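J.: For reference, the structure I am asking about is given below.
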Amino acid sequence: MAQICNPACGAAIPNNDWSKACDISSRNGGIPFLTFYKCDPNAVFPNAVAPGLSPFTDLGNVKWAICNGLLIVTAELLGQKPKGSFTKRRLTSCGPEKTISGTKTITFQDFNADVNDLIDYDFWKAINDNKDFLQFGYVTCDGRWYQTTADWDLELDEVIEDTKDGKSFYDGAVSISEKDLLKPIIVADLLETFRSFKIATDCGPFS
């Protein structure tokens, strides 16, 4: 089948000047935080952002959402994202198969534990019980925050290693029904905020 030559059907494609440096620029790996957003259509964020931008590009809005129970952030964990899986289907007799759906998976291990009150069990149970009402996101070690409104599901269990020198931890996977690339947002000081922000002491101005 010949390639269709119809510029009107194609979207604008950015030029590749960003790739013409003297050396290849690359990004770091690692996913230390997962986020869960309890979407509220009536939420009024305190700080305005430019049209088309996520309200979470402003750090004040991030803190406000945490303090008001709309944004839930995990403790720091060990996470990764392998290549997604895709489903293809032939849509015409003369053309090749086309990608019609896909699934992206984030796998993680959470070693954090509340050894006194066992709140970590309650945290993950609440996330699992409310997953139909939460939007999922994940943050990389260099501060890229990926957010999606696509359907997702959580698979989680506790792993207990076989000796006292081993560890007990949560082993989980989040599957996202999404075939397209997600473009992250960048928020200055996001990782530092997630690591240090404490609701009990830091929410006075934002709640």
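J.: What are the ³J(HN,Hα) couplings of segment 172-182, residue after residue, when phi is run through the Karplus curve with 6.51, -1.76, 1.60 and θ = phi - 60°? Round to Hz, x for glycine and proline.
T.: x, 9, 10, 9, 10, 7, 7, 9, 8, 5, 8
J.: From Cα pairs below 8 angstrom and at least 6 apart in sequence, can you work out the relative contact order of segment 89-207, rounded to a whole percent?
T.: Values: 141 pairs, mean separation 35.0, N = 119.
Relative contact order, segment 89-207: 29 percent.
J.: What ranking of CYS141, CYS67, CYS39 emerges when the number of other C-beta atoms within 10 Å of each C-beta is taken as an exposure proxy, fewest first? Kindly include the intermediate steps, with their values, before the conclusion.
T.: Numbers: CYS141 14, CYS67 17, CYS39 10.
Ascending number of Cβ neighbours within 10 Å: CYS39, CYS141, CYS67.
J.: Positive end of the charge dipole of segment 1-107 (Lys, Arg +1 and Asp, Glu -1 on Cβ, about the Cα centre): tell me which of SER85, ILE24, THR105 has its Cα farthest that way.
T.: SER85
J.: Mind putting a number on the dipole of the chain about its Cα centre? Charges go on the C-beta only, +1 for Lys and Arg and -1 for Asp and Glu, and I need it in Debye to the nearest 20.
T.: Details: 20 positive and 28 negative charges, 237 e Å.
Computed about the Cα centre, the dipole is about 1140 debye.
J.: On to the next question. At a threshold of 8 angstrom on Cα-Cα distance, excluding pairs fewer than six apart, so keeping six or more, what relative contact order does the chain reach in percent?
T.: On the way: 320 pairs, mean separation 49.3, N = 207.
Contact order relative to length: 24 percent.
J.: Something else about it: What is segment 29-199 by shape, rounded, prolate or oblate, if you read a ≥ b ≥ c off the alpha carbon gyration tensor as root eigenvalues and call it rounded for a/c under 1.5, prolate for a/b larger than b/c, and oblate otherwise?
T.: Working: a/c = 1.98, a/b = 1.16, b/c = 1.70.
It comes out oblate by the Cα gyration axes.
J.: Sticking with this one: For LYS183, LYS88, what's the fewest-to-most ordering of other Cβ within 10 Å of each Cβ?
T.: Working: LYS183 8, LYS88 12.
If I rank by nearby Cβ atoms, fewest first, I get LYS183, LYS88.
J.: Does anyone have the angle between helix 119-129 and the longest principal axis of the chain? Alpha-carbon axes, 0 to 90°, nearest 10?
T.: Tilt relative to the chain: about 40 degrees.
J.: Rank ALA11, GLY60, TRP145 by how far each Cα sits towards the positive end of the charge dipole of the chain (+1 on Lys, Arg Cβ; -1 on Asp, Glu Cβ) and give me just the farthest.
T.: My answer, from the dipole projection, is ALA11.
Coordinate-derived values only; no laboratory data. On a predicted model such as this, the values are computed, not experimentally measured, just so you know. As a convention, Cβ positions derive from the backbone with ideal geometry for all residues, glycine included, and neighbour counts pool all protein chains shown.
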